[in-house]
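Student: This structure is in structure tokens; I'll ask about it shortly.
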Amino acid sequence: AAATVALAQATVNRFVLRTSPKEEEPTAKGGEGAAKRGDEAGEEPGGSSGGPPGASSDGGGGGKEEEEEHEDLREEEDDDANLSYDGSDLVEWINSNGGRINPAARIGLDPSGSYRGVFLREESAGVKKGEEVARIPWDLIVKPKNYRENLYWSCEALKEIHDQFLLGDESKYAPYINYLKNQPRGRIVDDWSKEGKELLNAILGNDSFSRGADEMVTGLPPHYRHLSFEETWVRGCGGEDTELARAAFYQFTAREEDTLMVPFFDMHNHSNDLKYLNTIPEKPARPGEPFVMRAMRDIDPGEQISISYNRCHPCWHDETYHDCRSYSGYGTSDMFDVFGFVEDFPQVWKFPMMVANEEGVLELDTLKFHLERTDEETLSVTYGDNWSPAGDDEDPLESHVRFLVTQLGRLKELESTTKENEGLREKVPKHQWDMAWKYHEALMVALSSAILGSETAEEFYNQTDSDDVSESLGEEESEDEDGESADEDVRDEL
């Protein structure tokens, strides 16, 4: 976490407050620790190399976090009985109904007791590449009546999981449904409290909870809810508004594999880091076929079994991970919105912004870039995506850098005035407070990296005319009673 703050603060100092960088701070070009396109982009945020730091599929936020968050999880264990749930009843149900969970796998806490996931037993012989981790029979999968492999969303699937929630113990999926019903609420962003949503809106600089997808973009992503209970379930699917319906909706949106709810599979943590991602799922090609998980490489005893929540990730194409029967264009902000956690690297960021064209008319433009860990201390920033016809065309423009610098300054100011506000902190549920500031931190790292990796950033920094500086920050040149320039006023405001 300290390295993350240092990266963001160095960028604020240089491009917002316009102070000279210290020797140990990341610089925009050249020197030790320099951020370059496709090369280093400062220091990596906090994390651990001991396993995938991605978050849990269990409604978000069960992944490997900083030490103080580990302690928080232990404190909340009494409130979340599933944190120490070993899944033995679920595994027995699957194995006794024609399925198979690899006996080397176990559900539970990691060896340090910090977070929950699915692991290989230390005493096991491991799992070889191509070996099955799990085979879930068709009859144990909650699915729509009219299943199609290439159908990626369905109100019918939502209604089916709601019906099973209503049945409860009478459901033929009772061991799985009761597990889902026992999950804590308020972990998905759309299900946050009023105070939690207000804090997130302040961080984003927009009202993402009421903005429509076709309205003018302001602030930072996510700009609108991808899957809103009221919009998706109540208005879109004609569903009822009850607490049970909300519980079913948020469990579905946080866990579904397209239109399928697959027991055991949805208990795995997420990672797109190929050092940690080690399984590949095979969706049923047609009704009646099982859902299968296979090892995409050898998995060692004690290692966590990880899946990707947004397969065909645009940061990489790996030929060993070729079975992409489902597709997700979700970036890091989308993952936070839909699943409720901040994913570890690699990350994909998409920053839509309104910029003026040559005629001075505002148009929507999107800066896309990837952040990947090059080693334990540095990040690589690459602009564009795998489908960009010419990578150089994706390099940030001066208007992009202006936007990034302004937003970075706003986030830094918000942190200094809000994060230690005990009155506000008491009003926001602890998990929501922690996740909001974790996302704030991720935004600062992303903005800093995109600025430092840009060739345009040095040109922006080297502007010496105060008119240029003020204009770039959206202010006009003026002097106050003390003779301070508008540039100084902007610094104070930020």
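The values are calculated or read from the model by the stated rules, or taken from the named source; none is laboratory data. Here the structure is a predicted model, which is why all the values come from computation and not from measurement. FYI the Cβ positions are ideal-geometry reconstructions off the backbone, even for glycines, and counts take in every protein chain you see. The area values use the complete protein model at the heavy-atom level, side chains included, leaving out ligands, DNA and RNA. Shrake-Rupley method; radii C 1.70, N 1.55, O 1.52, S 1.80 Å.
Student: Would it be correct to say that Y173 is at pLDDT below 95 and either farther than 23 Å from E230 by Cβ or touching an Asp or Glu at 6+ places or on another chain (Cβ under 8 Å) (or both)?
Tutor: Answer is no for this residue.
Student: Can you work out which of the residues in the stretch 205-219 that are open to solvent by 70 Å² or more (accessible area, probe 1.4 Å) and charged (D, E, K, R) is modelled with the lowest pLDDT?
Tutor: Out of the qualifying residues, it is D214.
Student: How many residues, within the stretch 237-261, are farther than 22 Å from E149 by Cα and in a helix (DSSP H, G or I)?
Tutor: 7
Student: When you check P314 against the structure, is it at pLDDT below 90, part of a loop (DSSP other than H, G, I, E, B) and either open to solvent by 10 Å² or more (accessible area, probe 1.4 Å) or under 20 Å from G331 (Cα atoms) (or both), yes or no?
Tutor: yes
Student: Just need a number here: residues in the stretch 220-253 that are at pLDDT below 90 and not hydroxyl-bearing (S, T, Y).
Tutor: So the count comes out to 4.
Student: Continuing with the same structure: Does E372 satisfy being in contact (Cβ under 8 Å) with a residue 12 or more places away in the chain, closer than 26 Å to T456 by Cβ and either open to solvent by 10 Å² or more (accessible area, probe 1.4 Å) or not in a loop (DSSP other than H, G, I, E, B) (or both)?
Tutor: So E372 fits the description; yes.
Student: Right, another one. Within the stretch 223-236, track down each residue that is under 22 Å from P184 (Cβ atoms) and either in a loop (DSSP other than H, G, I, E, B) or open to solvent by 50 Å² or more (accessible area, probe 1.4 Å) (or both).
Tutor: Answer for the stretch 223-236, where residues must be under 22 Å from P184 (Cβ atoms) and either in a loop (DSSP other than H, G, I, E, B) or open to solvent by 50 Å² or more (accessible area, probe 1.4 Å) (or both): R225, H226, L227, S228, E230.
Student: Sticking with this structure for a sec: Assess whether H268 counts as being modelled with pLDDT of 95 or more and not aliphatic (A, V, I, L, M).
Tutor: So H268 fits the description; yes.
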